[in-house]
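> Shown below is the structure under consideration.
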Amino acid sequence: MASNPAAEPLSSPDAHIAPIDGGPDCSYCNNRRFVIDAQGALKPCPECGVAATWKVQAVDAFSSRSGAATKQTFFNFKTTFDGRQDELLHDCLESAEEFAAEPAGHWLVLWGERGNGKTHLCAAVANHLIAGGTAALFITMPDLLAALRQAMDLQNNTGQESYTGRMQTFKTAPVLILDDLGAEGASAWSDGVLFEILDYRYRNRLGTMIVTNCALQEFDPRIASRMQDAALATVIENRAPDYRLRPIDKR
């Protein structure tokens with residue numbers, strides 16, 4: 001005879017739990033939002049997707065993705081100049097689309113002069129992944145360092161351990177899209193932060209997109225070496241001219 005959920009004692013592991021988080025009623029995880037997989041690990045429920053949404057929102061809270069960036073897509077990225085296809089821009093677009101299709105275990109490094117669409121592609125990758133439910137963090141290096149300084153001040157003033165937690169977010173985000181690398185100004189502290197984040201992601205093969213206006217040899221050799229490892233990273237030099245300097249009628 002089928003059991004009556006209302007009649008089961010709340011102490012029973014099979015007792016029905018009503019959703020209290022505003023999400024859907026899910027019989028697969030019994031509204032616990034997590035399930036235990038075959039290896040005994042706790043995983044977000046694949047049926048209701050509530051826990052996965054929490055992860056997306058938690059990571060995106062630190063994002064530099066705002067304003068026009070939320071509307072930048074692969075479709076509205078221009079690869080033509082003066083009526084002709086620009087092969088450099090086409091290659092960058094194609095590489096970004098390939099990374100967005102399968103970011104796990106891959107790095108994409110775009111470098112070149114400012115103003116040629118690299119940040120647009122960062123936003124397009126982030127928007128594509130987030131729309132599909134993947135926790136992707138698009139953040140500029142200056143914003144990342146500012147977030148860590150804020151956490152450090154909070155930790156020093158309140159005793160709350162927020163710096164470590166915030167650093168862990170940047171190191172472990174399923175996909176990290178790091179824009180304006182090199183714009184922060186070099187210092188022993190910023191170099192150390194960058195190495196800690198990229199080394200962790202390198203060793204754990206976490207999906208990472210890096211965009212910079214600097215030539216890669218300008219970075220700490222330990223960082224440059226990881227960004228150029230052909231077994232993990234695709235490196236694209238964008239030599240297209242500055243879009244902002246083009247005549248309006250030729251953009």
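The values are calculated or read from the model by the stated rules, or taken from the named source; none is laboratory data. Here the structure is a predicted model, which means the values were calculated and not measured. Cβ coordinates were reconstructed from backbone atoms using ideal geometry, including for glycine residues, and neighbour counts include every protein chain displayed.
> Which pairs do you get when a residue that is closer than 23 Å to Ile130 by Cα, found in the range 71-94, comes within reach of a residue that is assigned to a loop (DSSP other than H, G, I, E, B) and among the small types (Gly, Ala, Ser), reach meaning Cβ atoms under 9 angstrom, with the pair 6+ apart or on two chains?
Phe77/Gly117; Lys78/Gly117; Cys92/Gly117; Cys92/Ala240; Leu93/Gly117
> Would you say Ile197 is modelled with pLDDT of 95 or more, surrounded by 17 or more Cβ atoms within 10 Å (Cβ to Cβ) and farther than 17 Å from Leu110 by Cα?
So Ile197 fits the description; yes.
> For the range 145-155, does any single residue satisfy the condition of being of a type in the set (Asp, Glu) and within 17 Å of Val59 (Cβ to Cβ)? Write out each step before concluding.
As a first pass, look at the range 145-155 and keep what is of a type in the set (Asp, Glu): 153.
Subset that is within 17 Å of Val59 (Cβ to Cβ): none.
No, the range 145-155 has no match at all.
> Looking only at the range 145-191, which residues are touching a residue at least 60 places away in the same chain (Cβ under 8 Å) and in a helix (DSSP H, G or I)?
Ala147, Arg166, Thr169, Phe170
> Scan the range 22-42 and report the pairs whose first residue is aromatic (Phe, Trp, Tyr) and whose second residue is surrounded by 11 or more Cβ atoms within 10 Å (Cβ to Cβ) and in a strand (DSSP E or B), with Cβ atoms within less than 8 Å and a gap of 6+ or a chain change.
As it stands, the answer is Tyr28/Val35; Phe34/Lys43; Phe34/Pro44, since those pairs meet every condition given.
Conditions (1) more than 15 Å from the chain's Cα centre (by Cα); (2) more than 26 Å from Tyr202 (Cβ to Cβ), marked per residue:
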| residue | (1), (2) |
| --- | --- |
| Gln72 | yes, yes |
| Glu87 | yes, yes |
| Leu108 | no, no |
| Trp111 | yes, no |
| Leu121 | no, no |
| Ala136 | no, no |
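> Inside the range 8-115, counting only strands (runs of 3 or more DSSP E) that do not spill past its ends, which hold 3 or more residues that are at pLDDT 80 or above and not assigned by TED's automatic domain parsing to the domain that holds Ala215?
34-36, 42-44
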